[in-house]
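> I'd like to ask you about the structure that follows.
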Amino acid sequence: MANTATLSYEGKSIELPVLEGTENEFGIDIKALRAKTNLITLDPGFKNTGSCKSAITYLDGEQGVLRYRGYDIDELANKADFLEVAYLLIFGELPNEAQLDKFLVDIKEESYIDEDLKKILESFPSAAHPMGVLSSLTSALTAFNPTSVDVESEEDMYRAITRIMGKLPVLVAWVFRKKAGLPLKYGDYALGYVENIARMMFRKPNKEYVANPIVDAALNKLLILHAEHEQNCSTSTVRIVGSSHAGLFASISAGISALWGPLHGGANQAVVEMLEAIRQDGGDTKKYMEKAKDKADPFRLMGFGHRVYKNFDPRARIIKKAADEVLADLGVVDPVLDIAKELEAEALSDPYFVDRKLYPNVDFYSGIIYRAMGISTETFTVMFALGRLPGWIAQWREMRLNKEPIGRPRQIYVGETQRNFVPLNKR
Ligand code: ACO
């Protein structure tokens, strides 16, 4: 394979280096393009543009492969603990027992929130969307943790990481509890990271909390499956905000806002709302398939399609199986699961979906599991944010340690050329 690419323009040719990744991916390095040719590249939505070199996640959308730091997602989802995966993503290697214990202890040390933040949470109207509240509270944390991270100091970096790993679950639990009208409480820090999150969320004021191992295991799996997905919309947002040397909390808060949209993490809420609407409309899945294919109709089959996967999203396979198991174990019968399966079966044999390589994505079945666990629809994306936290941290850390320059795309200007100002009374 040649290690340069030749670009010809206006009779001149220039050679551009071709970079090779560890999994035989190739990319043309265009850093010198503008200086040599006065040209830039144009790629709306960055469909063909790599923004960085990264050693965190490998994904092959054609083959449906996803690996965190070299480990297959199936193996991690079935064998690992979410905190181990978080450590792996952030620091590059699976922790040994002592490292994992220390990580958990250090996180617990930081698992409290300034009491004044409760006032901010309480001032939100109860109708506020949990993602807007979570993003605002994460941003507000900046005010209570004012020192910016000295990325040259390993200790400072580590403290920033344990802080946000400790505080975000408390915020998530409180956002969930506020929506459910429950008192804001802390967890039991003798528990593991995930078990404590479940306790913080589900503990009732009038009952002894009894952990449900099915719920804990399902939560662990969902958090792992959502933990990282390379340069998607929210992760790119975190990297680009962090590239201005804004702090970690500010960068994560921006990532949460990006994740909220229905074309990204908000799809888990949109899927269950869509399935529920289909159920209430008589369960006619064929009618909705036709709507999804009709270009004059804005309806899209939520939870289907992916920018990178042109084959099954490997996470969707694992989640579909988990949905069956968790609902059966919890004794929950949810009619929307049958509607989801019908839609999937129809889409997989429909030329519109087959030709466009549209398969179920991670969010097609995840909301059904969250719903069975007793999590309200509007809070699904908050759970996604909690899962994605280690991925965002890992990407932010990598970007800062690699001393990447500030993210600042260019554009092709297509507006008015220079013209003279017209005073108000002459317009
Ligand atoms: N329903 C119906 N048609 C679809 C769907 C869908 N869910 N997704 C894509 N298509 C069609 C498009 O209309 C387009 O058709 P055309 O070629 O005839 O114009 C073609 O498939 C390609 O779609 P694009 O929108 O160009 O693909 P893109 O890569 O830009 O978008 C996206 C990917 C945003 C995920 C899209 O598939 C979508 O909107 N899906 C539904 C929302 C969703 O589930 N998002 C979650 C993604 S996973 C995540 O972020 C965690």
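> Given the Cα-Cα distance of Val354 and Tyr413 and 0.36 nm per residue of separation, how much length would full extension add, in nm?
17.5 nm
> A follow-up question, please. Give me the mean projected area, in nm² to one decimal, of the convex hull enclosing the Cα positions of segment 55-111.
Values: hull surface 17.7 nm².
Hull-based average projected area comes out at 4.4 nm².
> Kirkwood Rh, segment 225-338, all Cα pairs: how many Å?
Result for segment 225-338, one decimal place: 16.5 Å.
> At what distance in nm do the modelled label points of Lys321 and Ile14 sit from each other, each positioned 7 Å from its Cα along Cα→Cβ?
4.9
> Taking amide H positions as placed 1.01 Å from N in the peptide plane, with prolines and chain starts having none, which residues 5 or more places from Ser54, or on another chain, fall under 5 Å of its amide H?
Residues meeting the criterion, in which the H sits 1.01 Å from N, do not exist here.
> Whole-Å semi-axes of segment 168-272's equivalent ellipsoid, largest first, each the root of 5 times a Cα gyration tensor eigenvalue?
Over the Cα atoms of segment 168-272, the semi-axes work out to 28, 16, 14 Å.
> For segment 377-387, in order, what is each residue's ³J(HN,Hα) by Karplus, 6.51 cos²θ - 1.76 cosθ + 1.60 with θ = phi - 60°, in whole Hz (x at glycine and Pro)?
Calculated HN-Hα couplings, in order: 3, 5, 9, 4, 6, 5, 5, 4, 4, 4, x Hz.
> Quick one: compute the contact order of segment 10-106, relative version, from alpha carbon pairs under 8 angstrom and 6+ residues apart, as a percent.
Working: 68 pairs, mean separation 12.3, N = 97.
Relative contact order comes out at 13 percent.
> Percent of alpha carbon pairs in the chain separated by more than 27 Å?
Across the chain, Cα pairs with separations above 27 Å total 56 percent.
> Once the convex hull of the C-alpha atoms of segment 1-156 is built, how many Å³ does it hold per residue, rounded to a whole number?
Spread over its residues, the Cα hull of segment 1-156 gives 237 Å³ apiece.
> By a straight-distance test (C-alpha under 16 Å), which lysines pair with Lys178 as possible cross-link partners, with residues fewer than eight away in the same chain excluded?
Here the lysines satisfying the reach criterion relative to Lys178 are Lys118, Lys119, Lys204.
> Tell me the volume per residue, in Å³, of the convex hull enclosing the alpha carbons of segment 273-317.
Roughly 105 Å³ of hull volume per residue.
> Okay, next question. Relative contact order for segment 106-240: what percent, with Cα pairs under 8 Å and sequence separation of 6 or more? Don't skip to the answer; put the middle values down first.
On the way: 93 pairs, mean separation 30.9, N = 135.
Computed over segment 106-240, the figure is 23 percent.
> Would you compute, for the Cα atoms of segment 302-393, the largest minus smallest coordinate along each principal axis and list the three values in descending order, in whole Å?
37, 37, 21
> Normalising by the residue count of the chain, find the relative contact order in percent from Cα pairs under 8 Å and 6+ residues apart. It would help to have the intermediate numbers written out before the result.
Numbers: 552 pairs, mean separation 84.8, N = 427.
RCO, the chain: 20 percent.
> Related question: May I ask which residue of Val105, Leu141, Asn48 lies farthest towards the positive end of the charge dipole of segment 42-155, with charges of +1 (Lys, Arg) and -1 (Asp, Glu) on Cβ and the Cα centre as origin?
Of the candidates, Asn48 comes out farthest on the positive side.
> For segment 96-255, evaluate the Debye formula with one uniform point scatterer on each Cα (no solvent term) and list log10 I(q)/I(0) at q = 0.16 Å⁻¹, rounded to two decimals.
-1.05
> Quick one: net charge of Pro130's neighbours, Cβ under 11 Å, K/R +1, D/E -1?
Neighbourhood net charge equals +2.
> Quickly rank 303-314, 390-401, 204-215, 105-116 as a protection proxy: mean count of other C-beta atoms within 10 Å, highest first.
390-401, 303-314, 105-116, 204-215
> Can you compute log10 of I(q)/I(0) for segment 94-153 with the Debye formula, treating each Cα as one identical point scatterer, at q = 0.12, 0.16, 0.22, 0.25 Å⁻¹?
-0.47, -0.73, -0.96, -1.05
> From the C-alpha coordinates alone, can you work out the Kirkwood hydrodynamic radius of segment 137-208, in Å?
Working: mean 1/r = 0.0731 Å⁻¹.
Hydrodynamic radius (Kirkwood, Cα only) of segment 137-208 equals 13.7 Å.
> Quickly estimate the mean residue ellipticity at 222 nm for the chain, helices only: each DSSP H run with n ≥ 4 gives -39500 (n - 2.57), and the total goes over all residues, rounded to 500.
Numbers: 18 runs with 222 residues, N = 427.
Value at 222 nm, helices only: -16500 deg cm²/dmol.
> In addition: Distance cut-off 25 Å, Cα to Cα: go down the list Lys167/Lys221; Lys293/Lys357; Lys221/Lys287; Lys185/Lys321; Lys108/Lys221; Lys47/Lys221 and report the pairs above it.
Lys221/Lys287; Lys185/Lys321; Lys47/Lys221
> Report, in debye and to the nearest 20, how large the dipole of segment 240-379 comes out about its Cα centre when Lys and Arg carry +1 and Asp and Glu carry -1 on their Cβ. Could the numbers behind the result be given before it?
On the way: 17 positive and 20 negative charges, 117 e Å.
Here segment 240-379 has a charge dipole of around 560 debye.
> Sticking with this one: If I model a spin label at Ala277 and Asp297 as a point 7 Å from the Cα along the Cα→Cβ vector, what separation in nanometres do I get?
Each label point lies 7 Å from its Cα, and together they span 1.1 nm.
> Pop a pseudo-label 7 angstrom from the Cα along the beta-carbon direction at both Asp72 and Glu346 and give the gap in nm to one decimal.
In this crude label model, Asp72 to Glu346 measures out at 3.4 nm.
> Still on this structure, I have one more. Taking the dipole about the Cα centre of segment 342-427, with the C-beta of Lys and Arg at +1 and of Asp and Glu at -1, give me whichever of Thr379, Gln418, Pro351 is farthest to the positive side.
In segment 342-427, that residue is Gln418.
Taken together, the values in this text are just the output of simple stated rules run on the coordinates, not laboratory data. Bear in mind the structure is a predicted one, so any value in this text is a computation, not a measurement. Cβ: placed from backbone, ideal geometry, glycine included. Neighbour counts: every protein chain shown.
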